[in-house]
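Please read the structure below before turning to the comments.
Where a number appears in this text, it was derived from the coordinates with a stated rule and is not lab data. Predicted, not measured: the structure shown is a model, and the values here were computed from it. Positions of Cβ are generated from backbone atoms using ideal geometry, with glycine treated the same way; all protein chains shown enter the neighbour counts.
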Amino acid sequence: MNLLQAIFKPIAHVPKYQSDGAAIRDITDPEYVVIPLEYPGQILFKPEVKAGDTVCQNQIIGRSSLGSCVHASISGVVKEIKTIWTVRSFNVPAVVIERNDQPPMSMDEMFERYGQPFESASTIQKLRASGVISSWTTPGRFHLEADVDEYPEVKHIVIKGVNEEPTIFANEKLLEENPKMIVQGIRLLRDIAPRAVISLTAPPRLVEWAKQQFPDLTRVVGIGDEYKDRIERLVVSRVTGAYVPNTMPYREKGIGVLSVEYLLTMVDALERTRPFITKCVTVASCHESRSVTVRIPLGTPIKTILDRLNWPSKDYARILVGGPMKGIAQYSDETPLTKSSHGLFLMTDDCVPDETVLTCINCGCCTKVCPINLQVHLIGRYVEYNMIEEARRYHVEACNECGLCAYCCPSHRPLVQLIRMCNQSEK
Ligand code: SF4
Ligand code: SF4
């Protein structure tokens with residue numbers, strides 16, 4: 001691309017996708033799963049199995065120092081514990097289980113093995129034993145497991161009934177498919193945090209329905225269909241009135257944020273139904289404006305999901321875990337999906353962006369599109385020339401990594417990566 005073409009390239013708009021309107025599909029169990037034992041900087045599970053062990057679905061296979069657990073998502077034989085590359089390109093230990101179709105372990109036995117029978121376990125112990133992600137059990141991004149007990153009382157809880165990415169529909173489908181369980185879940189949240197204001201976000205088409213389903217239980221907040229209306233940090237700010245920058249955990253400000261999917265796993269755990277062993281993932285491609293949502297056992301490799309859908313991975317030049325705005329490109333289709341993988345976005349050769357980075361032409365598009373009005377072009381240039389302190393004067397910590405600036409930049413500058421480098425460099 002030459003400079004003139006770059007200047008006159010129209011600003012691209014984030015494409016709009018539609019849910020396929022169908023129920024969430026279960027895929028047949030994979031031949032094997034790969035369950036990571038570490039989320040670097042956040043949580044480390046000590047393995048409770050070894051190569052050659054037979055394990056049942058639901059069985060605890062790893063445990064953290066605070067008693068949070070990770071489970072076998074299928075029954076089978078532990079083939080090995082080896083290091084793998086995760087979605088976020090960390091090299092971590094993982095348990096590989098080859099399927100044998102034996103029946104699952106009962107929840108009572110799972111709790112017995114945990115060392116705390118269900119009847120006498122506290123709510124937090126039940127959630128930790130079941131591997132549930134909530135603000136009360138395991139850390140989120142940027143905070144450690146050990147920090148969890150030190151945060152202030154939760155005053156606001158935001159339940160996300162809308163996914164942030166324009167191609168992911170798992171939360172709104174789960175919202176629509178499980179109103180009774182969601183009522184149970186909200187009541188559980190009230191027990192855990194009795195003084196908290198609870199809000200539920202919903203897409204426009206489900207707002208009136210949600211108000212009827214959950215009267216007096218929660219405040220329903222409609223979220224627009226445009227990507228800029230769905231950016232999580234800004235949604236939480238609108239709902240709670242508190243802006244929490246990307247570099248700070250919500251809990252530091254007394255806010256709990258969890259998705260409808262995690263709320264349902266809480267209900268499953270506290271009703272003794274099952275531990276957190278499956279994940280809903282929306283699969284979409286750059287050429288289809290429709291998408292499909294599937295339920296997979298945790299640890300299923302990307303390739304297996306695409307094979308089951310008959311969308312072979314060899315047809316795609318790039319596979320992102322996530323959506324088109326914040327998704328992470330994968331080196332391999334063998335990467336297993338985990339609790340924080342919400343979608344796959346498949347790109348063919350013709351829609352992979354040109355990776356030639358040009359100089360900034362001062363067009364101002366990045367600053368114009370930034371939802372929090374950062375001077376993105378200046379920040380990008382300062383970081384590029386290693387002028388980190390100068391860049392910090394422009395409040396880089398407020399960036400929510402929404403990707404809109406990079407999406408519209410005609411020079412294809414890696415603006416989000418530059419901002420992330422700045423935020424992660426030592427002060
Ligand atoms: S960095 Fe911003 S101002 Fe510079 S070319 Fe890209 S969009 Fe335009
Ligand atoms: S990613 Fe870019 S557009 Fe989004 S908040 Fe950060 S600087 Fe602004």
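Neighbour counts of other C-beta atoms within 10 Å: give me T247, T304, T201 arranged from fewest to most. Please report the intermediate quantities before stating the final value.
Values: T247 14, T304 23, T201 29.
Sorted ascending by nearby Cβ count, the order is T247, T304, T201.
Take the alpha carbon atoms of region 356-424, find their radius of gyration, then divide it by 2.2 N^0.38 Å using N residues; give the quotient.
0.96
Please state the Cα pair-distance histogram of the chain with 10 angstrom bins from zero: what percent is in each bin?
Reading upward from the zero bin: 4, 20, 31, 28, 13, 3, 0, 0.
Give the lysines reachable from K211 as a straight Cα distance under 25 Å; neighbours fewer than 8 places away on the same chain don't count.
Within reach: K155, K160, K173, K180, K228.
Packing-wise, with mean Cβ within 10 Å as the measure, how do 102-109, 169-176, 417-424, 229-236 rank, highest first?
Sorting 102-109, 169-176, 417-424, 229-236 by mean packing, highest first, produces 169-176, 229-236, 417-424, 102-109.
Per residue and in Å³, how big is the convex hull formed by the alpha-carbon atoms of region 165-275?
Here the figure is 119 Å³ per residue.
Arranged by the count of other C-beta atoms within 10 angstrom, fewest first, what order do I157, I223, I328 take?
Ascending number of Cβ neighbours within 10 Å: I328, I223, I157.
Count charges around T218 for me, please; just the other residues with Cβ under 11 Å from its Cβ, Lys/Arg as +1, Asp/Glu as -1.
Overall, the nearby charge balance is +3.
Below 18 Å, Cα to Cα, which aspartates and glutamates can K326 reach? Residues fewer than 8 away in the same chain don't count.
Once the sequence-local aspartates and glutamates are set aside, what remains near K326 is E164, E165, D225, E226, D229, E232, D354, E355, E397, E401.
Based on DSSP H runs of at least 4 residues, each adding -39500 (n - 2.57), what is the mean residue ellipticity at 222 nm of the chain after dividing by all its residues, to the nearest 500 deg cm²/dmol?
Mean residue ellipticity at 222 nm (helix-derived): -7000 deg cm²/dmol.
Nearest 5 is fine: what % of DSSP beta bridges in region 285-427 come out antiparallel, could you say? Show your work: numbers first, answer last.
On the way: 7 of 8 bridges.
Bridges in region 285-427 are about 90 percent antiparallel.
Would you report the distance distribution of C-alpha pairs in region 31-129 as whole percents per 10 angstrom bin, up to the bin with the largest distance?
Pairs per bin, as whole percents: 17, 45, 32, 6, 0.
So for the chain: antiparallel DSSP bridges make up what percent, rounded to the nearest 5?
Values: 37 of 58 bridges.
Antiparallel: roughly 65 percent of the beta bridges in the chain.
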